[in-house]
Every structure is written in structure tokens, then in C-alpha cells.
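The values are calculated or read from the model by the stated rules, or taken from the named source; none is laboratory data. Because the structure is a prediction, the values reported are computed rather than measured. All Cβ positions, glycine included, derive from the backbone under ideal geometry; neighbour counts span all protein chains shown.
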Amino acid sequence: MAARERLAVSNFDDGSGAKNAVTEALEVGCSDGLPPDLSAAYLDIYRAVRPMLATRNNDVHTRVSCQFAVEILRREEGDPRIVIPAILLHDVGWHVVGEGRLKGAYGPKADNDEFVRLHEAEGATIARRVLSAQTYPEGLTDEICRIISRHDSGTACASPEEAIVKDADKCYRATLFAFMYFPAEVDTSLQGWYEWLVDGYRHWMFRAWGRKLAEACLESTRRELGLVGEAAGVRSREDDL
Ligand SMILES: [Fe+2]
Ligand SMILES: [Fe+2]
């Protein structure tokens, strides 16, 4: 969907003057490439793990989630030297879990968190190896690996960077790319996936800007796919403070 169409379906005008920023942000998630102007060091990290991202369509997921991360970083405080490598590497561990063991590991019918924990742990190990090979600063690497090791299972955030990575990861679930792949993979209808998101977004998000992106993206996708039920109620932890 073109950004202009996203604008047409955007229901954001909270009177705070944020509408232009949201409109601008609605381009996020419309293409499946990496964000433009990503620096060479980050591109090297992505290229190093790209062959491992074939599992679970994680190549598209990683690139689009990186778009969300960059967009959230424009509005929320966080260190891109941590956020960008963390989002690029966060799901590389699914490569070790393997395509045949994904059912039941995520989505509305998830009933086995063993593989969620495994992909986090393996992802952190692979991330450390890749970053070390590129002589990435050790202190940053430690925090990147910590975030990856709990990016799905952790229910709280110990740093702003962790919150941004978690929000960018979750925003992706509302994109057309996610709807075109994930529901069929986990034996769920598009409507079933949508309803899982509406419910999940009430407690998944940590930052206000992440919430806005998720809500805009979900509403846009809902209209495009003709799904039923308004996605009101996407919240971030900040809203509850
Ligand atoms: Fe993950
Ligand atoms: Fe992910």
C-alpha cells in the first residue's frame, strides 16, 4: 500500500500536532527493504547473517522491523549502536531451531515456549560471534546480546534500547508482509491473526511511538484485507504510567 493510501486510512489526529509525523511514519512497513542510508557497519552485520534469515521468512521480517526501529529512534531516545544491530540479529536463532519445529512456537495457537527460548539463546550466541568478528565494541555487544536473549520472553525492559527493539519487532506483526506469511504458517485465518494482534497489542508495546506505528499499521492492514473489528485499544506501557 502506498504511503498516500495509508494517509487516507489513518485515523490519527490527536490534536497534538503529531499527525504529520504519523503520516510520514506510515511509509514504514510498506516496502520490504532495509531502511535507506544504513551505515556500512550495520550493512556488514546484516550481510553476515542474511543466509541464516531464510528460516520463517525472517529476512523480510528483519528488514521491515529495522525500518520500524529506525522510525522509533527518530522519536524516542535510544542508542542506535545498540538498537540497530539488535534488531538485525534478533531472530537469527530461528535458523538453529529450524523450519520443521516452528508450529506451536508463535502466534495465536502457541503452546510451546521451548523453541522461543532456544531461538533467543542461540540468537545471542550467533550475535556475539558475528559482532566479535567485526570487532564491534564489547560493551555494546554485551547489551545487544542481552536484549536478544530475552526479546520475546522478557516481559519488562531494562533499557530504552530494549524497549525499542521489542516494539519494532512487534510492529511488524501488523504489516501486510506478516499477514501474508505468518497466519498460514501457524494454521490461523487472517481474521484470527488480526484478533490475536488486537488483543496482544494491549500489552505488548512499551513506547508511545511504537504504539502509534503499530496501531496505524494494523488499521491500514485491516482495511486493505477487509477484516472485521476496529483495532482500538493499542496501548504502550507509557500510557499506563
Ligand atoms: Fe524472536
Ligand atoms: Fe522477531
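Give me the pairs: first residue in the range 14-40 and farther than 16 Å from L73 by Cα and surrounded by fewer than 17 Cβ atoms within 10 Å (Cβ to Cβ), second residue modelled with pLDDT under 75 and of a type in the set (A, V, I, L, M), beta-carbon distance under 7 Å, and six or more apart or on different chains, which are they?
none
Count, please, the residues in the range 50-60 that happen to be touching a residue at least 12 places away in the same chain (Cβ under 8 Å) and within 17 Å of the chain's Cα centre (by Cα). It would help to see each step written out before you state the result.
Filtering the range 50-60 for residues touching a residue at least 12 places away in the same chain (Cβ under 8 Å) gives 52-58, 60.
In the following step, the residues that additionally are within 17 Å of the chain's Cα centre (by Cα) were identified as 53-58, 60.
Within the range 50-60, residues that are touching a residue at least 12 places away in the same chain (Cβ under 8 Å) and within 17 Å of the chain's Cα centre (by Cα) number 7.
Just a yes or no: is a residue in the range 136-149 assigned to a loop (DSSP other than H, G, I, E, B), of a type in the set (G, A, S) and touching a Lys or Arg at 6+ places or on another chain (Cβ under 7 Å)?
Step one: of the range 136-149, the residues assigned to a loop (DSSP other than H, G, I, E, B) are 136-137, 149.
Pick out the ones that are also of a type in the set (G, A, S) and you get 149.
Checking the rest, the ones that are also touching a Lys or Arg at 6+ places or on another chain (Cβ under 7 Å) come to none.
The answer is no; no qualifying residue exists.
All but one of (1) away from ligand 2 (no atom under 11 Å from the Cβ); (2) under 22 Å from A208 (Cα atoms) hold for V97, so report the exception by its number.
If we test V97 against (1) away from ligand 2 (no atom under 11 Å from the Cβ); (2) under 22 Å from A208 (Cα atoms), just (2) comes out false.
Pull up the range 46-74, narrow it to residues that are away from ligand 2 (no atom under 16 Å from the Cβ) and surrounded by fewer than 18 Cβ atoms within 10 Å (Cβ to Cβ), then point me to the one that is modelled with the lowest pLDDT.
So the residue we want is R74.
Within the range 61-103, which residues are over 17 Å from the mean Cα position of the chain (by Cα) and without any contact (Cβ under 8 Å) to a residue 24 or more places away in the chain?
G100, R101
So T188 ticks every box in (1) within 19 Å of S65 (Cα to Cα); (2) assigned to a loop (DSSP other than H, G, I, E, B) but one. Which box is left unticked?
(1)
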